[in-house]
Amino acid sequence: MTEVSTSSARFLDYAPAPESTSILHLKKSYGLFIDGAFVKGHGTPFQTISPATENTIAEIANANAKDVDTAVVAARRAYDKTWSKLSGADRGKYLFRIARLVQERARELAVAETLDNGKPIKESRDVDVPLVAAWFFYYAGWADKLDYAGLGPRPHALGVAAQVIPWNFPLLMLAWKIAPALAAGNTVVIKPAETTPLSALIFAEILQQAELPGGVVNIITGAGDTGQALVNHPDVNKVAFTGSTGVGRAIAKSVAGTGKRVTLELGGKAANIVFDDAPIDQAIEGIVNGIFFNQGHVCCAGSRLLVQESIHEDVVDRLKSRLSTLRLGDPLDKNTDIGAINSREQLDRIRELSDIGEKEGVERWTAPCVIPDKGFWFAPTIFDKVSPSSTIAREEIFGPVLSVLTFRTPAEAIAKANNTPYGLSAGIWSDKGSKILAVADQLRAGVIWANTFNRFDPASPFGGYKESGYGREGGRHGLAAYLESAGWNAPVSGANK
Amino acid sequence: MTRLAVPKTYKLYIGGKFPRSESGRTYEVLSKKGAFLANAALASRKDARDAVVAARSALGGWSGATGYNRGQVLYRIAELLEGRRDQFVDELMSSEGLSKAAATKQVDTSIDAWVWYAGWADKYVQVAGNGNAVSGPYFNLSTPEPTGVVAAIAPQEGNSLLGLVAVVAPAVLTGNTVVVVASEAAPLAAISLSEVLATSDVPGGVINILTGSPQEIAPWLAGHADVNALDLAGAEAIDWVDLQVMAADTLKRVLPPVTGAPAPSLERIVALTETKTVWHTKSLI
């Protein structure tokens, strides 16, 4: 292990190039953002730490049930008195303002995100934050065009949206939730994940700079119980959740019979299918991006590599040599490829599942890299010759762990790819277009990337089949998730006469 | 001398066949005035599970058929129903106690619903899907696809034919397959409809019709892991919240109860579909 890293050190090591944190002007402690102002929470405050150093970043208020109620009341008032009375054009202008402010403070947001989440700065800087701005810009333009959203004339907002988001893309998930909700005319109470509240609180400052009317967006921090109180609040009309299938299931149960509209973006165990006629260099990069992007903390990660038997050895060899060049370490360093695991809890889960993989007799390979003394880290890992019934081929690991399976025919690839209760995403690599389209038809997944992977765009609907949840985020479909049609779609003659 | 009538034996419709309930149970179907009309099969858990197996087996072929083909098959149902209007009118008059005019109207509306939905089969994809202009060199297309196996409770209060058609047609036109529990009190039109289905070109297993108690059968369908969606249209009178909770175990898509027969709508079609978005790189030339 040491030998490999010293030999690669000769030509691959770069001098440290950390992004400065001086751009941040963090407060020592943050309150809840309710009705346009930061207020004290009534729960016990908690610390948010940097997973790369385990150092405390700030103290964060904890919203109890009473705070949740205050936030929902504020959102309802804002909906009744302000937001539902504004023209679509004016709602759009607020969203455009927010998009611009995000662009202006992009570097600061990227640094905060990387500090709090542990993801490499090159990802927060080049992927997360630009997409956040794009998301607000895209939905801003929808706000005065709802008649064209495909729901018939004059669709209306649902009311107050309760939104609970995960820690893997803290600010991006916030944008996915808030932008369409506001464009459609809803007001929002959103709860960021307990381990990554920081960028959402800076975003609250942006809302103040944008002079968004108080109560239109309320940001409350806390843990699972805060989220539960929010989702179950009787005055909420819409619930949008991104996170684990387990929690999604519990939410689906708790809202049963309430008439609340629900969208759930849950877990995944995506197959990334590589045929023997694939453009192999691109495929290798795509596989690496598919599972090691954001340390594998991606619900649509290509965690099951299905590779055609005839090229299996070649692909695995190339993957190992490519992974040996990835740099793991300080997330703020611009050269870092693999950052920190977001929390000790998540690290424990990745370790536990990887150990199970080994115990079940699967071949384990770990990229040679030096693990820093402090913080939470997991080196890129490949399990080869995994059987479809193996635990690591079935359970979502949510970490930088790739399971490699093989297939012989397209039919076998499709059967293996669909052999999961999940159905969020999939990848197909081949230079033969007709084969790609035929396979894409058969895959039961909401997003399929052909000769690419992990691409996101505000114009492109995203969401799962089966136990990966329901509803779509992004595009016209994502807007519809926050709108009610005005009874447009019954036939005016014929059957309904 | 008056002719002695030949009464029909009403059975279940599963996988294109007409089995009795495996439980051997039947229940008496009475007219509005309380006269004996027939013994209908009282479907059991096993029948429900058999129906799900049949629906799952039929899914690949039916969802793989072209929209044009599915549209023609649905239109063919309307044609055959039209030819048997009188039979259905009589059946509705006796089982629902309707006037001839009201029964005729229900039959005609049901036929027209098949025609309306038939026409959507090769069009809903264009209306519910779209190309996406993403920021980068990618072809990107979103299209709706059938959700899979749909379990439905047909409306229970009146509309014993129209209600069934109104939940089944929007589900199957996209390629879903269906297990539907007919009106418990007035199941005869549903079983007669299955005779129409069996002699039209609907492949066996695409539409499976159970008669019996929704209260008894629905929980087995709501909790069945191989069912993808649950349409509670006719579940108003039973404990449907419990059914929705059970459905959450496998994150089924759930449509809420409605009063009366659901009006034909594109919304019902789209509610039982999944949007698939396919990205493909464009080469830099």
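Some notes on this structure:
- Screening residue A:317 on (1) on the phi < 0 side of the Ramachandran plot; (2) not in a helix (DSSP H, G or I) shows it passes everything except condition (2).
- Test: residue in region A:234-245 that is surrounded by 24 or more Cβ atoms within 10 Å (Cβ to Cβ), of a type in the set (S, T, N, Q) and more than 13 Å from every other protein chain (Cβ to nearest Cβ): yes
- Restricting A:125, A:100, A:107 to those that are closer than 19 Å to residue A:341 by Cα, among the basic types (Lys, Arg) and in a helix (DSSP H, G or I) reduces the list to A:125.
- Counting only strands (runs of 3 or more DSSP E) that fall entirely inside region A:1-89 and contain at least 2 residues that are under 26 Å from the mean Cα position of the chain (by Cα), within 21 Å of residue A:238 (Cα to Cα) and at pLDDT 95 or above, the qualifying elements are A:32-34.
- Wholly enclosed helices (runs of 4 or more DSSP H) of region B:198-285 bearing at least 3 residues more than 15 Å from the chain's Cα centre (by Cα) and not charged (D, E, K, R): B:214-222, B:240-247
- If the condition is being more than 7 Å from chain B (Cβ to nearest Cβ), part of a loop (DSSP other than H, G, I, E, B) and open to solvent by less than 10 Å² (accessible area, probe 1.4 Å), then region A:464-473 contributes only A:464.
- Failed criterion for residue B:246 (all others in (1) closer than 29 Å to residue A:487 by Cβ; (2) modelled with pLDDT of 95 or more hold): (1)
- Single match in A:319, A:326, A:332 (criterion: open to solvent by less than 50 Å² (accessible area, probe 1.4 Å) and without any contact (Cβ under 8 Å) to a residue 60 or more places away in the chain): A:326
- Meets criteria (under 21 Å from residue B:110 (Cα atoms) and either within 11 Å of chain A (Cβ to nearest Cβ) or open to solvent by less than 40 Å² (accessible area, probe 1.4 Å) (or both)) for residue B:253: no
- If you check B:78, B:51, B:103 for being small (Gly, Ala, Ser) and farther than 28 Å from residue B:146 by Cα, only one passes: B:103.
- Restricting region B:99-130 to residues that are open to solvent by less than 30 Å² (accessible area, probe 1.4 Å) and touching a Pro at 6+ places or on another chain (Cβ under 9 Å), the residue that is farthest from the other protein chains (Cβ to nearest Cβ): B:124
- Residues satisfying the stated conditions in region B:256-285, i.e. over 16 Å from residue B:166 (Cα atoms) and more than 8 Å from chain A (Cβ to nearest Cβ): B:273, B:282, B:283, B:284, B:285
- Output for region B:131-173, where each listed residue is within 9 Å of chain A (Cβ to nearest Cβ) and assigned to a loop (DSSP other than H, G, I, E, B): B:132, B:133, B:134, B:135, B:136, B:147, B:148
- Residue A:259 falls short on exactly one of the conditions (1) at pLDDT 95 or above; (2) surrounded by fewer than 23 Cβ atoms within 10 Å (Cβ to Cβ), and that condition is (1).
- Pairs where the first residue, in region A:425-451, is within 15 Å of residue A:285 (Cα to Cα) and part of a loop (DSSP other than H, G, I, E, B) and the second is open to solvent by 10 Å² or more (accessible area, probe 1.4 Å) and at pLDDT 95 or above, C-beta under 7 Å, 6+ apart: A:430/A:277; A:430/A:278; A:451/A:279; A:451/A:282; A:451/B:280; A:451/B:281
- Residue B:179, sole failed condition from (1) crowded, with 24+ Cβ neighbours inside 10 Å; (2) away from every other protein chain (no Cβ under 14 Å); (3) assigned to a loop (DSSP other than H, G, I, E, B): (3)
- Residue in region A:351-385 that is farthest from residue A:306 (Cα to Cα), counting only those that are aliphatic (A, V, I, L, M) and without any contact (Cβ under 8 Å) to a residue 60 or more places away in the chain: A:371
- Restricting A:443, A:437 to residues that are open to solvent by 10 Å² or more (accessible area, probe 1.4 Å), aliphatic (A, V, I, L, M) and within 11 Å of chain B (Cβ to nearest Cβ) narrows the list to A:437.
- Selection status of residue A:306, crowded, with 24+ Cβ neighbours inside 10 Å and out of contact with any Gly (no Cβ under 7 Å at 6 or more places or on another chain): yes
- Restricting region A:186-211 to residues that are assigned to a loop (DSSP other than H, G, I, E, B) and crowded, with 22+ Cβ neighbours inside 10 Å, the residue that is farthest from the chain's Cα centre (by Cα): A:186
- Meets criteria (in a loop (DSSP other than H, G, I, E, B), at pLDDT below 95 and either touching a Pro at 6+ places or on another chain (Cβ under 6 Å) or more than 9 Å from every other protein chain (Cβ to nearest Cβ) (or both)) for residue A:486: yes
- All conditions but one from (1) of a type in the set (Val, Ile, Thr); (2) touching a strand residue (DSSP E or B) at 6+ places or on another chain (Cβ under 7 Å); (3) more than 24 Å from residue A:247 (Cα to Cα) apply to residue A:206; the one that does not is (2).
The values are calculated or read from the model by the stated rules, or taken from the named source; none is laboratory data. Treat the numbers as computed from the prediction; the structure is a model and nothing was measured. Backbone-built Cβ (ideal geometry, glycine too); neighbour counts: all protein chains shown. Accessible surface areas use protein heavy atoms only, side chains included; no ligands, DNA or RNA. Shrake-Rupley method; radii C 1.70, N 1.55, O 1.52, S 1.80 Å.
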